[in-house]
Amino acid sequence: FKLEGRLFRIVCQTIPTHHPWCDRRQLSELNASYRRIFSFARGTDPLPRGLHGWDTHTKVQADDRIAYVETTDTFAPEEDAGTSPPRKLNLSLSGIRALQSALNLRWKALSQTERAAVWCLFAILTLFSLGTLLYRLQYPQIGLSDAANATLVLLLGGFDNLFGQLKVPFFIPGWLHLFSLGLTLSGTVFIGVLYALLTEKVLAAKVSFLRSRPPIPQANHVAVIGLGQTGRQVATLLQELKYACVGVTDKDLPAETLPHLPLATGEFRMALTKANLATARSALVLTQDETTNLEIGLTIQSLNPNCRLVLRTADSQFGSHIVNLLTHAKAFSVEALAAEAFAAAAFGENVLGLFHLEQETVLAVEYRVEASDTLQGRLIGEVAYGYDVVPLLHGRSQDPATFMPSEDIRLRSNDRLIVLATGEGVQAIEHGRIVPPNWSVRVEKAFSDNAVFEGAAAIARLSGCELGVARHAMSQLPQVLPFFLYRLQAQRLVRELAKVQVVAQAMPAAVQL
């Protein structure tokens, strides 16, 4: 989705062993000016409910699942291509069978005219080989090239060139004379069919050239199958995100409709081959017939077992059966998504978008802080952890908006704040039901007077307390700070204090010493 002209995306990623984060980075180190972690699960564990169910000190390991939001000017497919190992050429028996299946599918996808052309070409080659052999055997004194040349002349309608004289200048058996006449008649018919097909292809290529659509990508692209209203909107979004994509449709589109989208047209089985589905990274099957969507999904899976599939369904129960049938598929009901959007709008806030995180729906919501608002006067960190939301954008009066804003900003009247939130989080903000903080920070010692000064400033900035309270606490070490913080907030404060040579530790309030 877009905010202030900037692209955002949500990523839920399983970490492979070769990933640069694996066994090297802690979760706290992954947060950056363009990225925020909001969910984490170890191994096969399900993602926890809510948006902050993780610990900053956790080290990333193989098979961990991390959900995060990031922003940049564009998202190229190469950014996440490194998360999967390169494909190797498969020369095994299964690879040969897959090739046979692809050839069989290609043959079935041909039109009647194209099949006739293939048979004509096969017949011409057979007759050419047979004629060359017969002439070479009948006249051993001529070379193979002369025999081939005589056969070729006959196939191209040159019977009169060889036998047009009143008296043939060489002896020829009657059967070979009759066979030569058959060659000329067969060549005239078969080559006429090939000429007709070539004429059709030239005219089609001329029309295609006039449309000047881009060529179809060869690999690592997204195929949008079914270019109805939904398919066209999806293709438009993919192009805005700078993904290589191709549209697949059984009917040609007007030249002015998605003019920069490569197209593969024709009957769907034939069009899938044209769209290079065997090397595509993902496919979205969006026709209005869910049975057709299932058939296309099965075809794509046979062509490319690693292709990520997204299928449009009308019935959520039918969608669940599709997911069980297709390995890498996700099924979405348009009606169910529309119902969620309407329900989200009922919250009364400006809902900018929504997405699914496992079984939970997460909304992108915009707030305008008012004087009597539940957000008024709170730090962004308090809003994030107390209401379980992820701040994405903060704007104030005429100042430019800040993306992934700092947790230390205190909200004022008329500020804009855009967050990711679950339905429970939106309701909590609406009713002011903030979860109270329940972690403490115990400051052990400071190594210098400058560390005491810098430590007090860090405590005041990150916790929002008065500077005098922070200085008083730093003057009587060791001690537990006289206020509670949220877990991630407390752990961040400990890291910031360590940078200024102050030793501290975070702990749940129930076990404070």
_Between 0 and 90°, nearest 10: helix 174-211 axis offset from the chain longest Cα axis_ = 30 degrees
*Leaving out ligands, DNA and RNA, what percent of the accessible area of the chain is carbon and sulfur, probe 1.4 Å?*
58 percent
_Checking the a/c ratio against 1.5 first, then a/b against b/c, what shape does the Cα gyration tensor give for segment 417-513?_
prolate
*Where does segment 334-409 land on Rg(C-alpha)/(2.2 N^0.38 Å)?*
1.23
*What accessible area per residue comes out for segment 415-513, rounded to a whole number of Å², with a 1.4 Å probe?*
48 Å²
*Within the chain, what percent of beta bridges assigned by DSSP are antiparallel, to the nearest 5?*
70 percent
_I'd like the distance separating the alpha-carbon centroids of segment 232-247 and segment 373-416, in whole Å._
32 Å
*Report relative contact order for segment 242-353 in percent, whole number only (criteria: Cα-Cα under 8 Å, sequence separation at least 6).*
17 percent
*Quick one: which residues, 5 or more positions from T313 or on another chain, have an amide H under 5 Å from its amide H? H modelled 1.01 Å from N in the peptide plane, none for Pro or chain starts.*
F332, S333, V334
*asked:* Looking at the chain, identify the longest residue range that excludes and avoids all trypsin sites (Lys or Arg not before Pro) in DSSP loops having at most 10 other Cβ atoms within 10 Å.
replied: 252-513
*Scan the chain and hand back the longest stretch that contains none of the GluC sites (Glu not before Pro) lying in DSSP loops with at most 15 other Cβ atoms within 10 Å.*
5-255
_Just to confirm the number: angle between the C-alpha axis of helix 316-325 and the first principal axis of the chain, 0 to 90 degrees, nearest 10?_
70 degrees
*Report, by chain and number, residues whose modeled amide H sits under 5 Å from the one on I409, excluding near sequence neighbours (fewer than 5 apart, same chain).*
I380, G381
*Give me the angle, in degrees from 0 to 90, between the Cα long axis of helix 93-109 and the longest principal axis of the Cα atoms of the chain, rounded to the nearest 10.*
70 degrees
*asked:* Take S145 and E444, extend 7 Å from each Cα along the Cα→Cβ direction, and tell me the distance between the two endpoints in nm.
replied: 9.2 nm
*Taking θ as phi - 60°, what are the ³J(HN,Hα) couplings along segment 216-225 by the Karplus curve (6.51, -1.76, 1.60), each to the nearest whole Hz, with x for Gly and Pro?*
6, x, 8, 7, 6, 10, 10, 9, 9, 9
_Relative contact order of segment 359-510, please, whole-number percent, based on alpha carbon pairs below 8 angstrom and at least 6 residues apart._
25 percent
*Sites A346 and Y195, calculated FRET efficiency, Cβ-Cβ separation with R0 60 Å, nearest 0.05*: 0.40
*Counting helices only, and only those DSSP H runs with n ≥ 4, report the 222 nm mean residue ellipticity of the chain as the sum of -39,500 (n - 2.57) divided by its residues, in deg cm²/dmol to the nearest 500.*
-13000 deg cm²/dmol
_Please compute the alpha carbon radius of gyration of the chain, then divide it by the globular-protein estimate 2.2 N^0.38 Å. Two decimals is fine._
1.47
*asked:* Can you classify segment 234-361 as rounded, prolate or oblate using the Cα gyration tensor, where a ≥ b ≥ c are the square roots of its eigenvalues, rounded means a/c under 1.5, and otherwise it's prolate if a/b beats b/c and oblate if not?
replied: oblate
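The values are calculated or read from the model by the stated rules, or taken from the named source; none is laboratory data. What you see is a predicted model; the values in this text were computed from it and never measured. In this analysis, Cβ positions are derived from the backbone assuming ideal geometry, glycine residues included, and neighbour counts consider all displayed protein chains. Heavy atoms of the whole protein, side chains included, go into the accessibility calculation; ligands, DNA and RNA do not. Shrake-Rupley method; radii C 1.70, N 1.55, O 1.52, S 1.80 Å.
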